[in-house]
Each structure stands twice: as C-alpha cells, then as structure tokens.
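Okay, structure first, notes after.
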Amino acid sequence: MRTVVLVARAPIESDRGWTESPMTNQRTEAETAQEHASTTQCEGSTVVRFHGVRYQVRDVARSAEFYSKHLGFRIERQRLPAFATLVLGPLDLLLSGPAASGSRPMPDGRVQGPGGWNRVVLRVSNLPSWIDKLKKAGLRFRNAMVTGPGGRQIQVEDPDGNPVELFEPAS
C-alpha cells in the first residue's frame, strides 16, 4: 500500500489578520515527466502507474465543493451527478457518486460506500492554524490532534465521512 503525502501551506498571519496561502494544485512539467518516468512496463504491452485515489461519496457536487473550498483542490473534470476528478499537486482525487461505474456493487453483492480508515494524507505546516480554520468553517473532526515521534496529525471528515489526515512532520 502506498501513502500519498502532499505539501500544503497553512494560513499566514499578516497585519490585516489571517490570510490564506493556497495549496499547490498545478503540476509542473518536471512533475508530469516524473510521473511518466515512474510508469512500469509489465509483461507484453501493458503499463501500470499510479493514477489516483477514489473516494465513494453520496453527492459529487457537494464533495467537490468541500475539497476545493476547504483543502485547495482544483476541480479538473465533472460528470455530475456521477463523477468528478480533483487535483492537488500530483494527486488525482476521484469522487464517485452512487451512479458512477466505480461505485457498482461487487460480484459477491458487497456495496461500496464512503467512510473507512484508509485516507489521503496532506502534509501541512502550522497544524493548529489549519485546525482553527477548519473548525471555524464547521468541519467535522474524527479526533483531537495527536503527537508522536514522527509529528502531529488530525483527521477531518469530508461531507460523506471519508477521512483526510492533516499531518505536520516533527522538526
């Protein structure tokens, strides 16, 4: 299993109060070249490379607004009400609503749904500022900030209960 860690910038205090420093949501030519360089050629003519992370959601438009407004993702593609692709740095976040092909039940009858414990991890600076900003926006947290040898983190939930971890490494 691969963990995706993205760098995000926290709000910055200025003489006029708090201002936001936007997260990077554009890929540079070097990043795109690096993605292609990480492509693996398998037997025959098949190719495999990292594409993105899929979250099951109940309302694609609502979730796309959540990720773009609160976490700095750019909406790249929408096929409402079924699907949207959002981008933050090298991550493509694939939002699949109930009508999307990526949400269909498994052959054994199990139904895919939001929630769970696997999560996207966003690396931030000044985690307490992020927590304050997101609490003021009325977002739900799964836990309080915890600190360990690698740093500190907290989990925030999207509108459907999918977790997003905000992580600040130890200095």
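The values are calculated or read from the model by the stated rules, or taken from the named source; none is laboratory data. These numbers come from a predicted model, not from an experiment. No Cβ is skipped: glycine too gets one built from the backbone with ideal geometry, and neighbour counts run over all protein chains shown.
Among the residues of segment 128-153, count how many are out of contact with any Lys or Arg (no Cβ under 8 Å at 6 or more places or on another chain) and not in a loop (DSSP other than H, G, I, E, B).
Summing the residues that are out of contact with any Lys or Arg (no Cβ under 8 Å at 6 or more places or on another chain) and not in a loop (DSSP other than H, G, I, E, B) in segment 128-153 gives 15.
Scan segment 103-119 and report the pairs whose first residue is under 18 Å from residue 140 (Cβ atoms) and whose second residue is surrounded by 10 or more Cβ atoms within 10 Å (Cβ to Cβ) and β-branched (Val, Ile, Thr), with Cβ atoms within less than 7 Å and a gap of 6+ or a chain change.
Listed pairs, sorted by first residue: 114/57; 119/164.
Just checking, does segment 108-115 include any residue being surrounded by fewer than 15 Cβ atoms within 10 Å (Cβ to Cβ), over 26 Å from residue 50 (Cβ atoms) and touching a Phe, Trp or Tyr at 6+ places or on another chain (Cβ under 9 Å)?
No, segment 108-115 has no match at all.
Cβ contacts < 8 Å: first residue more than 16 Å from residue 157 (Cβ to Cβ), restricted to segment 48-70; second residue of a type in the set (A, V, I, L, M) and surrounded by fewer than 14 Cβ atoms within 10 Å (Cβ to Cβ), any location; separation 6+ or different chain. Result?
60/80; 61/80
Could you grab me the full set of residues in segment 87-112 that are farther than 21 Å from residue 59 by Cβ and charged (D, E, K, R)?
Listed by number, the residues that qualify are 108, 110.
On the given criteria, is residue 64 part of a helix (DSSP H, G or I), small (Gly, Ala, Ser) and either within 13 Å of residue 165 (Cα to Cα) or modelled with pLDDT of 95 or more (or both)? Before you say what the answer is, go through the steps one by one.
On the way: part of a helix (DSSP H, G or I): yes; small (Gly, Ala, Ser): yes; either within 13 Å of residue 165 (Cα to Cα) or modelled with pLDDT of 95 or more (or both): yes.
Yes, satisfied.
Residue 125: surrounded by 12 or more Cβ atoms within 10 Å (Cβ to Cβ) and farther than 16 Å from residue 68 by Cβ, yes or no? Show your work before the answer.
Numbers: surrounded by 12 or more Cβ atoms within 10 Å (Cβ to Cβ): yes; farther than 16 Å from residue 68 by Cβ: yes.
Yes: the conditions hold for residue 125.
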